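Quick one: structure below, then a few questions.
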Amino acid sequence: MDLNTLKQFLVVARLEHLSRAADELHVAQPSLSRTIARLESELGTPLFDRSGRLRLNDAGNLFRGYVERALGELDAGRRAVAETTSDGFGTVRLASETFLGLTGLLAAFKRAHPAVEVELHQMPAEDMARRLRAQDIDLCVAAQPIPAEGLAAVQLLDEAVWLATPLDHPLAGRTSVSVDELADQPFITTRKGNWPRRLLDRLFAARDLTPKIVCEGDEPAAIADLISTGLGVSLLPAIARRFATQIPVAWIAVDSPDCRRTLTLFWGADSHLSTAARLMRTTITGWNWNSGESRQNGG
């Protein structure tokens with residue numbers, strides 16, 4: 001059970017597809033199949049269900065967690081040794097569902113710490129807890145709850161989420177609107193799993209409604225532009241108003257206490273954080289998320 005075998009297992013577990021895993025690993029598929037078979041033989045149990053599409057089974061999912069943590073500890077050790085023998089601050093790996101709203105913070109961080117290397121990883125919230133515990137990433141900013149076992153957290157922002165409409169929309173002159181009044185509105189939103197979609201689905205499900213979705217995608221930054229074309233309406237956080245000042249849309253309060261977004265910073269409670277990661281954590285927690293400025297600068 002060598003490191004290469006374990007790394008190959010993780011790729012197969014992530015993709016649940018042998019040929020795609022073989023392509024990513026640049027190995028022959030028959031060789032990869034034999035590697036996985038030997039690993040299963042050594043463990044004494046299958047790690048994948050092979051009836052139809054390849055699927056990670058319960059034993060495989062359990063084993064993956066241990067492998068990720070073990071390899072994460074080895075990588076953390078390597079980085080800790082490198083940090084003590086170099087003059088630099090190292091690298092910080094930051095994950096988020098979207099980097100809209102983080103650009104000002106990242107620019108301020110690089111100005112203050114030009115020697116620090118920053119790696120950005122965009123990923124769904126459902127992957128964050130596992131990747132933090134595996135020490136694949138150092139910090140993550142999430143806009144929805146993630147499993148907190150083994151993680152430390154600081155709330156960064158709690159804000160209202162608004163309805164954004166085209167300027168000539170019938171609701172554009174309103175100061176507030178109820179969720180029931182949005183039942184037949186065409187919505188532009190993100191794909192399932194992302195916080196805007198989960199919020200929309202949750203608000204509608206609470207009233208036995210189903211949202212009418214005319215556009216779903218992976219680019220939250222493009223939603224305001226699409227609204228301005230007249231394609232539909234959307235739920236956008238208050239922070240988005242700061243970045244959409246030049247886009248002609250109307251902003252209307254949603255009459256529901258549940259129509260809010262909370263940003264939270266997470267990191268591994270027992271993980272070794274590099275100097276770079278600790279500097280980034282300090283910057284993030286010291287950032288004024290409402291104004292988009294560092295609190296130390298009077299923002």
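Keeping to segment 244-281, report how many residues are over 26 Å from Ser178 (Cβ atoms) and either surrounded by 17 or more Cβ atoms within 10 Å (Cβ to Cβ) or at pLDDT 95 or above (or both).
13
Something else about it: Out of all the residues in segment 88-102, is one or more at pLDDT 90 or above, in a helix (DSSP H, G or I) and either farther than 30 Å from Ala224 by Cβ or of a type outside the set (Asp, Glu) (or both)?
No, segment 88-102 has no match at all.
Still on this structure, please answer the following. Here are Thr190, Thr165, Thr210: which of them is surrounded by fewer than 18 Cβ atoms within 10 Å (Cβ to Cβ) and hydroxyl-bearing (Ser, Thr, Tyr)?
The conditions single out Thr210.
Could you tell me whether any residue of segment 167-176 is in contact with a helix residue (DSSP H, G or I) (Cβ under 7 Å, 6 or more places away or on another chain) and either touching a residue at least 24 places away in the same chain (Cβ under 8 Å) or hydrophobic (A, V, I, L, M, F, W, C) (or both)?
No - not one qualifying residue is present in segment 167-176.
I want to confirm something. Restricting to segment 171-216 and keeping residues that are in a strand (DSSP E or B) and polar (S, T, N, Q), which single residue is nearest to Met123 (Cα to Cα)?
Looking at the filtered set, the residue picked out is Thr190.
Follow-up question, since we're still on this one. If the Cβ limit is 8 Å and pairs must be 6+ apart or interchain, which residue in segment 1-12 that is touching a residue at least 12 places away in the same chain (Cβ under 8 Å) pairs with which residue that is among the basic types (Lys, Arg)?
Thr5/Arg38; Phe9/Arg64; Leu10/Arg64
Conditions (1) closer than 24 Å to Asp127 by Cβ; (2) at pLDDT 90 or above, marked per residue:
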{"site": "Ser19", "(1), (2)": "yes, yes"}
{"site": "Pro30", "(1), (2)": "no, yes"}
{"site": "Ala37", "(1), (2)": "no, yes"}
{"site": "Leu47", "(1), (2)": "yes, yes"}
{"site": "Arg53", "(1), (2)": "yes, no"}
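Scanning for something part of a helix (DSSP H, G or I), over 16 Å from the mean Cα position of the chain (by Cα) and within 30 Å of Arg78 (Cβ to Cβ), does segment 147-157 turn up at least one residue?
No: segment 147-157 contains no residue that is part of a helix (DSSP H, G or I), over 16 Å from the mean Cα position of the chain (by Cα) and within 30 Å of Arg78 (Cβ to Cβ).
Looking only at segment 120-158, count how many residues are among the charged types (D, E, K, R), surrounded by fewer than 16 Cβ atoms within 10 Å (Cβ to Cβ) and either at positive phi or touching a Lys or Arg at 6+ places or on another chain (Cβ under 7 Å) (or both).
1
Testing Gly298 on (1) at pLDDT below 95; (2) at negative phi; (3) exposed (fewer than 13 other Cβ atoms within 10 Å of the Cβ), one condition comes back false. Which one is that?
That leaves (2) as the condition not met.
Here is a follow-up. Within segment 103-143, can you find the residues that are more than 21 Å from Asn290 (Cα to Cα) and in a loop (DSSP other than H, G, I, E, B)?
His113, Pro114, Ala115, Val116, Met123, Pro124, Ala134, Gln135, Asp136, Ile137, Asp138 - these are the residues of segment 103-143 that are more than 21 Å from Asn290 (Cα to Cα) and in a loop (DSSP other than H, G, I, E, B).
Out of the helices (runs of 4 or more DSSP H) lying entirely within segment 223-299, which hold 2 or more residues that are closer than 23 Å to Gly72 by Cβ?
So the answer is 275-285.
Which numbered condition in (1) surrounded by 15 or more Cβ atoms within 10 Å (Cβ to Cβ); (2) among the aliphatic types (A, V, I, L, M); (3) modelled with pLDDT of 95 or more is the only one that Ile239 fails?
So the condition that Ile239 fails would be (3).
The values are calculated or read from the model by the stated rules, or taken from the named source; none is laboratory data. Remember, predicted model here, so these are calculated numbers, not experimental data. Counting neighbours? That spans all protein chains shown, and the Cβs are built from the backbone with ideal geometry, glycine included.
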